[in-house]
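Following: one structure in structure tokens, then a few remarks.
The values are calculated or read from the model by the stated rules, or taken from the named source; none is laboratory data. The structure displayed is predicted, hence computed values, not measured ones. Using ideal geometry, Cβ is built from the backbone for each residue, glycine included, and neighbour counts are taken over all protein chains shown. Calculation scope for accessible area: heavy atoms of the full protein, side chains included, ligands and nucleic acids excluded. Shrake-Rupley method; radii C 1.70, N 1.55, O 1.52, S 1.80 Å.
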Amino acid sequence: MQMLKKNEIHRLSVTEINDMGYGVGRINGMIVFTAAAVTGDVADVRLIKVNRSYAVARIEKLITPSPHRTEAACSVSGKCGGCVYMHVEYEYEKQLKRENVRKAFADHGLFPVVEEVRDDGRIHRHRNKAMYPVDGALKIGFFRAKTNDIIEQTDCLLQPAVFADIVEEVKAFCLENKISGYDRESGKGLLRHLYLRMGEATGEVLLCVVHNGRSMPCEEELCARVRRVCPALVGVMVNENGDRGSKITGERYRCLWGRPYLTDVLCGVTLKIHPNSFYQVNRGGAELLYDLAIDEVEKAKPKRVLDLFCGIGSIGLAAAKRLEGIELCGYEIVPEAVENAKENAELNGIENARFVCGDLDGEVSGLDALLKTSDLVILDPPRKGIDETLCEKLIASGIRHIVYVSCDCKTLARDCALLTQGGYTLSSVKPVNLFPRTKHCECVLTLTR
């Protein structure tokens, strides 16, 4: 096999797209990954990285475009790296994600039925949350893929257009008042991030300004100016983050104006959402996802439901509201989220729910007793999935039904492999495209003892 060398140009036929959104082909027998390439493309590519087992390339000239290729609707999608499928026809994107779910399970020797990918009908403007980094030159936008360089861009096709209006106004305010941006190399400068959330059902918007200090100059003027740009604004917060690391927010929040939360309605449940609360970024997709999960709960006819990783209570409270007669216990590590969940239960008049604060990683105290008195567990863990200790506890408990909501099909498949070894069988897998144009896909399934 002739060795490939960096900067060589070769003709590549793309045979597939992997789960990271890279087109895949072979040159002289070596596998080559190419960004923005689509199955069926023939292109002249430049090799930008060559290892012993694979190479990475970029397209220099497209010779024959794939029938699945479409014009990217965003001018910077190829730079920020977030929307890896922006140049792919949407129906083909859903096919790719369904196949990615199949592969993830097959890698663990599991072959459940994977249903067609569902969505809420929206490709763009579905996100209700945005984090805009700021640099020392007051450039505001999005990080260039795999770097700390900022691409200056305030509007993103995945986000509400009003977010860009707010960001532009904050930038103008900072320039006029000589407020510095944050330099990541020196650790100097004030403004680090702008953090925005919207309640789609209510229209409410919450702004959080993340800075490297104790206060912002001219805070009252800032609030007044942003309110003029966005009448739907219900609160302006600041967050203090003096950490030199990559963490976006610090521990301390302060409300400058309005209230420190917004509200939204999800699956008929009104929710208070604070800046540090977990909330699905696509409300329409989340309603579809949670309805599927609650359908699975309803089929099992449980009396007592344990909602692990419950966050602010969104899934469990929606289940408790829809399914009369069940008793709900939510379990969550973040104390503020537990208090938020209690508030949300009271706000919706849901009396058959309680919430407990506890750590679900590693050794879990108090969970054994809850498992013994529950008929069904809802799991909605972060992307890393659940650990072996929790898997073992679930198996040892003999709990009959587990409804698993996952944002990463690879960790879902890994966890299901352990649970099936412990005596559980899988239902079909229901993928939901909460994150169109990105590589991510959520799934719901049920494991039954």
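May I ask which of 6/61; 272/372; 5/97 have a Cα-Cα span longer than 21 Å here?
Check vs 21 Å cut-off fails for 272/372; 5/97.
Need the list of lysines near residue 139 for cross-linking: C-alpha distance under 27 angstrom, and skip anything on the same chain fewer than eight residues off.
Counting by Cα, and skipping residues close in sequence, residue 139 has these lysines nearby: 79, 129, 171, 178, 188, 247, 439.
Round to the nearest 10 and report in Å² the accessible area of residue 53, as given by a 1.4 Å probe over the protein chains' heavy atoms.
80 Å²
Which of rounded, prolate, oblate describes the chain, given a ≥ b ≥ c as roots of the alpha-carbon gyration tensor eigenvalues and a/c under 1.5 marking rounded, otherwise prolate only if a/b is larger than b/c?
Oblate, since a/c reaches 1.5 and b/c is not below a/b.
As a check on your grasp of the helix formula, calculate [θ] at 222 nm for the chain: sum -39500 (n - 2.57) over DSSP H runs of n ≥ 4, divide by the residue count, round to the nearest 500.
The helix contribution divided over the chain gives -8000 deg cm²/dmol.
State the Cα centre-to-centre distance between the stretch 21-98 and the stretch 418-449 in whole Å.
27 Å
Go through 141-149, 125-133, 113-121, 209-217 and give me the packing order, highest mean Cβ count within 10 Å leading.
125-133, 209-217, 113-121, 141-149
Rounded, prolate or oblate: pick one for the stretch 297-447, where a ≥ b ≥ c are the square roots of the eigenvalues of its C-alpha gyration tensor, a/c under 1.5 means rounded, and failing that, prolate if a/b is larger than b/c, else oblate.
Rounded shape, in that the Cα axes give a/c under 1.5.
Once the whole set of protein chains is in place, how much accessible area is left on residue 334, using a 1.4 Å probe, in Å² to the nearest 10?
Its accessible surface works out to 50 Å², give or take rounding.
Using modelled amide H (1.01 Å from N, peptide plane; none on Pro or chain starts), what sits under 5 Å from the amide H of residue 37, excluding residues fewer than 5 places away?
23
As a test of reading the structure, rank 70, 446 by solvent-accessible area (1.4 Å probe, protein chains only), most first.
Descending order: 70, 446.
Take every DSSP beta bridge with both residues inside the chain and express the antiparallel ones as a percent of the total, to the nearest 5.
In the chain, DSSP labels about 65 percent of beta bridges as antiparallel.
With every protein chain present, what accessible area does residue 270 have (1.4 Å probe, heavy atoms only), rounded to the nearest 10 Å²?
Its heavy atoms expose roughly 50 Å² to the probe.
How do 243, 415 stack up against each other in accessible area, from largest to smallest, with a 1.4 angstrom probe?
Correct descending sequence by accessible area is 243, 415.
Let me check something: with ligands and nucleic acids excluded, how do 447, 370 order by accessible area (1.4 Å probe), largest to smallest?
370, 447
Convert each backbone phi in the stretch 287-299 into a coupling constant with the Karplus relation 6.51 cos²θ - 1.76 cosθ + 1.60 (shift: θ = phi - 60°), then list the ³J(HN,Hα) values in order as whole Hz, x for Gly and Pro.
4, 5, 4, 5, 4, 5, 5, 5, 4, 5, 4, 4, 4
Dipole of the chain (Lys/Arg Cβ +1, Asp/Glu Cβ -1, origin at the Cα centre): which of 289, 215, 17 lies farthest to the positive side?
17
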